[in-house]
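What follows is one structure encoded as structure tokens, with my remarks underneath.
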Amino acid sequence: MRTLRNFSVLMIAFCLLFIPSGVYAQKSMVIGGNVIKANLSSAVLSNYQIQYERVTGPFQSVAIGFSISPNVKLPFGGSLSDAVGGDDDQIVKAIESIRFTRFSVTPEYRFYFGQKGAPGGFYLGTFARYTHMSMENIYPFTTDDGIEHEMEVKGTFNGYGAGAMIGIQWLLGSSITLDWWIIGPFIGVMNSKFDGVDNHPTDKLTPQQEADLEADINDVELPMWTVEADVQDMKATVDLKGPFYGARFMGLSFGFRF
């Protein structure tokens, strides 16, 4: 079976879903210690974000951000298909059929070092992040007797992480802000589960074929990840556990104060 390569490529595709948007342009409404920000540049990738920042002391603030990507395709899926799929129609279909919905919550604490205090100047921030994602796609594979199957796969991801970030926020006049996220790496843990159903109308997998498919999935090597698969009765369940990491970097956000 060509399941081992297909599954490895599919995992690479899923990892792309958790790469944060590199450039942020945010808009907000400001005149004091409150800043509301709406991310504009990430909307190009169908990732819609808002953030609220509140000054809590002369040099401190807290913020909370929300983002959602509703029922969208895999970002850069076409490029990934060209790079790893080539002429393999099964890999191309597995990648291009991915649809996902992702929701994230990011609470943050900032300490400002500038003489004017919060919310302007150079800052050091710490933050936590929770991400939930649901996805579905078609996972094609070919049995050892040459019959093509398509498994309908649905999965969920839950990631919990924390990190630190440095940046600069400029106060432009009485109500405009420009916030530059320089770098903000984070790390945590992620749990995910996939359920697949093979609805082939005539060819049913034999117990040996199901055992081979299960072994192929379990043999996939993902650094620092554990993979546990169970395949029986034309159904597959795969549990994955591993690190959740990424970075908020080179983000540029516009805002309003009030």
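The values are calculated or read from the model by the stated rules, or taken from the named source; none is laboratory data. Because the structure is predicted, anything quoted here is derived from the model rather than measured. Note that each Cβ is placed from the backbone with ideal geometry, even for glycine, and that neighbours are counted across all protein chains shown.
The set of residues in segment 58-75 being surrounded by 14 or more Cβ atoms within 10 Å (Cβ to Cβ) and either outside any strand (DSSP E or B) or without any contact (Cβ under 8 Å) to a residue 24 or more places away in the chain (or both) consists of 59, 74, 75.
Okay, residues lined up against (1) crowded, with 17+ Cβ neighbours inside 10 Å; (2) over 21 Å from the mean Cα position of the chain (by Cα); (3) part of a loop (DSSP other than H, G, I, E, B):
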{"position": "202", "(1), (2), (3)": "no, yes, yes"}
{"position": "205", "(1), (2), (3)": "yes, yes, yes"}
{"position": "210", "(1), (2), (3)": "yes, yes, no"}
{"position": "213", "(1), (2), (3)": "yes, yes, no"}
{"position": "216", "(1), (2), (3)": "yes, yes, no"}
{"position": "221", "(1), (2), (3)": "no, no, yes"}
{"position": "229", "(1), (2), (3)": "yes, yes, no"}
{"position": "236", "(1), (2), (3)": "yes, yes, no"}
{"position": "240", "(1), (2), (3)": "yes, no, no"}
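Of the numbered criteria (1) in contact with a Pro (Cβ under 7 Å, 6 or more places away or on another chain); (2) surrounded by fewer than 20 Cβ atoms within 10 Å (Cβ to Cβ), the one residue 127 fails is (2).
Using the structure shown, decide if residue 36 is of a type in the set (Val, Ile, Thr), under 25 Å from residue 156 (Cβ atoms) and in a strand (DSSP E or B).
On the way: of a type in the set (Val, Ile, Thr): yes; under 25 Å from residue 156 (Cβ atoms): no; in a strand (DSSP E or B): yes.
Taking the combined requirement at face value, the residue does not satisfy it.
The residues in segment 54-75 that are at pLDDT below 90 and out of contact with any Ser or Thr (no Cβ under 6 Å at 6 or more places or on another chain) can be counted, and the count is 3.
One residue is enough: does segment 188-206 have a residue meeting the conditions under 30 Å from residue 60 (Cα atoms) and in contact (Cβ under 8 Å) with a residue 12 or more places away in the chain? Yes, that holds for at least one residue.
Tell me, which residue of segment 233-248 that is touching a Pro at 6+ places or on another chain (Cβ under 8 Å) and not aliphatic (A, V, I, L, M) is modelled with the lowest pLDDT? Talk me through it step by step, then tell me what you get.
As a first pass, look at segment 233-248 and keep what is touching a Pro at 6+ places or on another chain (Cβ under 8 Å): 245-248.
From what's left, not aliphatic (A, V, I, L, M): 245-246, 248.
Details: 245: 88, 246: 89, 248: 85.
Out of the qualifying residues, it is 248.
For segment 160-200, which positions are among the small types (Gly, Ala, Ser) and either modelled with pLDDT of 95 or more or crowded, with 17+ Cβ neighbours inside 10 Å (or both)? Once the filter is applied, which keeps residues that are among the small types (Gly, Ala, Ser) and either modelled with pLDDT of 95 or more or crowded, with 17+ Cβ neighbours inside 10 Å (or both), segment 160-200 yields 161, 162, 163, 164, 167, 184, 188, 192, 196.
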